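Peer 1: Have a look at the structure that comes next, please.
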There are 2 protein chains.
Amino acid sequence: MPDIRRSIILRRRPTGEPRREDFQIVEEPVPEPGPGEVLTRTIWLSIDPYMRGRMSDRKSYAEPVAIGGVMTGETVGEVLASNDPGFSPGDVVVGSRGWQTHSISRAGALARIERPGAPLGAYLGVLGMPGTTAYSGMKDIGQPKAGETVVVSAASGGVGSVAGQLAKRAGARVVGIAGGADKCVWVQETLGFDDCVDHRVGNLDLALADACPNGIDVYFENVGGAVQEAVFARLNPFARVVMCGMIAQYNEAEFPPGPNLGFVVAKRVRIEGMIVSDKPERFAEWRALAAPWVADGSLRHRETIVDGLDAAPEALRQVLRGGNFGKMLVRVGREPAGA
Amino acid sequence: MPDIRRSIILRRRPTGEPRREDFQIVEEPVPEPGPGEVLTRTIWLSIDPYMRGRMSDRKSYAEPVAIGGVMTGETVGEVLASNDPGFSPGDVVVGSRGWQTHSISRAGALARIERPGAPLGAYLGVLGMPGTTAYSGMKDIGQPKAGETVVVSAASGGVGSVAGQLAKRAGARVVGIAGGADKCVWVQETLGFDDCVDHRVGNLDLALADACPNGIDVYFENVGGAVQEAVFARLNPFARVVMCGMIAQYNEAEFPPGPNLGFVVAKRVRIEGMIVSDKPERFAEWRALAAPWVADGSLRHRETIVDGLDAAPEALRQVLRGGNFGKMLVRVGREPAGA
């Protein structure tokens with residue numbers, strides 16, 4: 001066990017795309033857990049688009065990271081020391097911690113991962129926050145039905161890949177939107193979407209019209225911008241739009257105007273925003289539902305893995321550019337034997 | 001009984017505000033009802049904002065009126081002749097007919113008004129389509145709760161006046177938005193809203209902030225444009241927006257851009273469109289619920305009445321400009337004795 005903890009803190013609020021200089025690495029002795037606390041070493045750190053929002057002081061659903069504060073994020077870690085009877089050294093746990101090699105947590109903020117089970121990284125992706133986001137959005141808002149057409153943007157990402165597979169399970173025609181031919185091939189051939197439109201080439205409106213001859217009944221929105229505009233133009237009466245994210249504008253200081261909402265009346269569209277943490281019960285529900293699907297290979301997932309805590313800032317930049325392919329994970333420490 | 005029927009037909013599709021020359025009056029002999037049909041003479045014709053949409057060939061939820069076709073609209077009329085056992089001469093009925101002095105209807109499209117009852121015009125306003133629209137929008141989407149803040153635009157209109165009174169009954173703080181001091185006084189003093197903002201004077205953002213110190217939980221949208229922008233900026237987390245209409249742009253050929261939808265995610269807002277005819281069962285439900293409130297005076301309403309079928313085009317222009325005060329009605333024929 002090293003006796004130094006490395007953490008990445010927010011040095012200053014970025015303008016536009018986050019830069020290396022917006023972050024700072026700090027080192028200090030590994031702390032001791034206090035009463036009721038648990039010390040973990042980080043194995044996996046999840047990198048997700050929402051983290052860009054936490055770097056701004058723009059008003060949002062969660063408090064921003066303070067200047068000088070540790071960047072927040074979901075992690076899988078191994079317990080090194082515990083002052084809580086619920087955890088013992090060697091336990092592998094998942095929780096919302098930060099960009100650091102070692103963390104102190106209240107015991108109640110951690111969940112033990114039973115082993116053997118799914119690969120540990122899956123608890124940050126397909127079985128974790130992104131998977132639960134897709135599940136909650138489809139269950140509570142999208143509600144796809146057999147025969148309907150469902151469009152999912154950022155279709156190869158951690159959320160989109162699960163959202164589309166859930167819609168397929170519901171019997172819908174599922175069309176992905178992704179950036180790049182390799183992603184589109186994977187979305188269609190591996191995830192089993194009926195079609196996938198590459199928004200980086202050709203005419204998006206025409207491609208979408210082609211892929212959705214019967215219009216669009218459900219849109220799972222992760223992107224915003226031109227993709228949103230193209231999809232909205234093809235929504236059917238009584239369409240549902242799951243507003244999960246608009247990554248296209250996360251680096252923007254000023255937001256561009258959006259759609260005129262006349263169509264919402266004329267087509268009786270429902271546009272609804274969601275944040276996964278509003279319904280915490282969905283996490284356990286989803287894990288119970290999806291773990292067998294991950295185990296039997298019927299729910300597919302994919303990760304982009306980068307090595308070492310220091311790679312986290314560049315990993316976030318990549319995610320915001322769509323440069324990842326599947327769920328972005330940082331390998332911060334080795335997996336325990338047998339994981 | 002005159003033997004001539006006068007009808008107002010759509011002569012051409014208007015550009016911008018409808019003009020006199022977009023309409024044409026035609027005269028012809030009063031027709032005879034066929035098998036299963038009923039002949040009525042029109043007493044009251046309702047003038048409503050949606051009619052502007054029917055004059056355009058822009059894609060919408062309903063077919064446009066054909067060039068040369070009679071303008072559609074809700075009416076109260078008296079049965080003159082019936083080839084259906086359900087109706088007899090002298091019956092007073094409500095139905096969706098048109099801008100004409102006499103109409104032929106299938107019996108199934110008419111509902112008899114039991115008399116004595118509410119004033120006949122009420123069946124086109126507070127108890128009719130506008131009232132039912134307010135009821136359905138609040139019941140199915142807005143769902144105001146005690147202590148919440150509800151904002152209603154076009155607050156003195158046929159829909160808005162009922163929407164706000166329903167929110168008051170639910171125990172909410174209700175703030176109207178209307179155009180003109182006289183309307184605002186009526187909305188507060190007669191309808192009992194907690195506050196009313198005149199969007200024609202001063203700074204709308206500041207006035208709204210003043211009237212809604214705790215933000216906005218439900219917005220009943222009838223207007224669009226600058227009013228929508230000001231209200232959206234003050235929506236609370238988990239706010240519901242009933243998208244009923246956007247009258248500010250009904251005369252526009254090109255729609256302006258709308259709001260950037262980032263706030264929908266961050267605040268988990270639900271924005272949902274509605275058309276009253278999607279849930280026809282709400283009409284009878286509402287009439288049963290609200291008729292006693294109209295009778296005991298606890299549900300207030302107000303009409304602007306113009307005389308004679310020929311006044312209908314100008315009445316629609318007025319409605320689109322916000323020149324009416326309360327529900328706009330055209331008195332096409334005399335009320336039967338005792339009505």
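The values are calculated or read from the model by the stated rules, or taken from the named source; none is laboratory data. Quantities reported herein were computed from a predicted structural model and do not represent experimental measurements. Note that we place each Cβ from the backbone using ideal geometry, even for glycine, and neighbour counts take in every protein chain shown. Just so you know, the surface numbers come from the protein's heavy atoms only, side chains and all, with ligands and any DNA or RNA stripped out. Shrake-Rupley method; radii C 1.70, N 1.55, O 1.52, S 1.80 Å.
Peer 1: Scan (1) away from chain A (no Cβ under 11 Å); (2) surrounded by 20 or more Cβ atoms within 10 Å (Cβ to Cβ); (3) closer than 27 Å to B:Met51 by Cβ for the single condition B:Arg200 breaks and write down its number.
Peer 2: The number of the failed condition is (2).
Peer 1: Identify, please: which residue in region B:27-55 is among the hydroxyl-bearing types (Ser, Thr, Tyr) and closer than 23 Å to B:Ala154 by Cα and is, among those, surrounded by the most Cβ atoms within 10 Å (Cβ to Cβ)?
Peer 2: Out of the qualifying residues, it is B:Ser46.
Peer 1: Based on this model, can you work out whether B:Arg6 counts as open to solvent by 20 Å² or more (accessible area, probe 1.4 Å), under 24 Å from B:Thr133 (Cα atoms) and of a type in the set (D, E, K, R)?
Peer 2: Taking the combined requirement at face value, the residue does not satisfy it.
Peer 1: Looking at A:Gly258, A:Gly245, A:Gly225, which is the one that is at pLDDT 95 or above, open to solvent by 10 Å² or more (accessible area, probe 1.4 Å) and in contact with a Gly (Cβ under 9 Å, 6 or more places away or on another chain)?
Peer 2: None of the other options fit; the residue is A:Gly258.
Peer 1: Only one of these is outside the structural domain of B:Ala163 (by TED's automatic domain parsing) and either farther than 22 Å from B:Pro14 by Cα or touching a residue at least 40 places away in the same chain (Cβ under 8 Å) (or both): B:Val265, B:Val306. Name it.
Peer 2: One residue alone meets the criteria, B:Val306.
Peer 1: Oh, and also: So, in region A:184-210, how many residues would count as being without any contact (Cβ under 8 Å) to a residue 60 or more places away in the chain and assigned to a helix (DSSP H, G or I)?
Peer 2: 12
Peer 1: Do we find that B:Val151 is crowded, with 21+ Cβ neighbours inside 10 Å, outside the structural domain of B:Gly322 (by TED's automatic domain parsing), touching a Pro at 6+ places or on another chain (Cβ under 6 Å) and in contact (Cβ under 8 Å) with a residue 60 or more places away in the chain in this structure?
Peer 2: No: the conditions fail for B:Val151.
Peer 1: What number of residues in region A:276-286 are crowded, with 21+ Cβ neighbours inside 10 Å and either of a type in the set (Val, Ile, Thr) or facing chain B (nearest Cβ under 8 Å) (or both)?
Peer 2: Count: 1.
Peer 1: A follow-up question, please. Hey, among the residues in region A:55-107 that are under 19 Å from A:Lys327 (Cα atoms) and among the hydroxyl-bearing types (Ser, Thr, Tyr), which one's nearest to the other protein chains (Cβ to nearest Cβ)?
Peer 2: A:Thr72
Peer 1: Answer yes or no: is there a residue in region A:160-183 that is in contact (Cβ under 8 Å) with a residue 40 or more places away in the chain, polar (S, T, N, Q) and in a helix (DSSP H, G or I).
Peer 2: yes
Peer 1: Right, another one. Across region A:249-264, which residue is nearest to A:Leu320 (Cα to Cα) among those that are at the interface with another protein chain (Cβ under 10 Å from one of its Cβ atoms) and under 21 Å from the mean Cα position of the chain (by Cα)?
Peer 2: This residue is A:Tyr250.
Peer 1: If A:Tyr219 passes every condition in (1) open to solvent by less than 10 Å² (accessible area, probe 1.4 Å); (2) under 19 Å from A:Phe325 (Cα atoms); (3) in a strand (DSSP E or B) but one, which one does it miss?
Peer 2: Unmet condition: (2).
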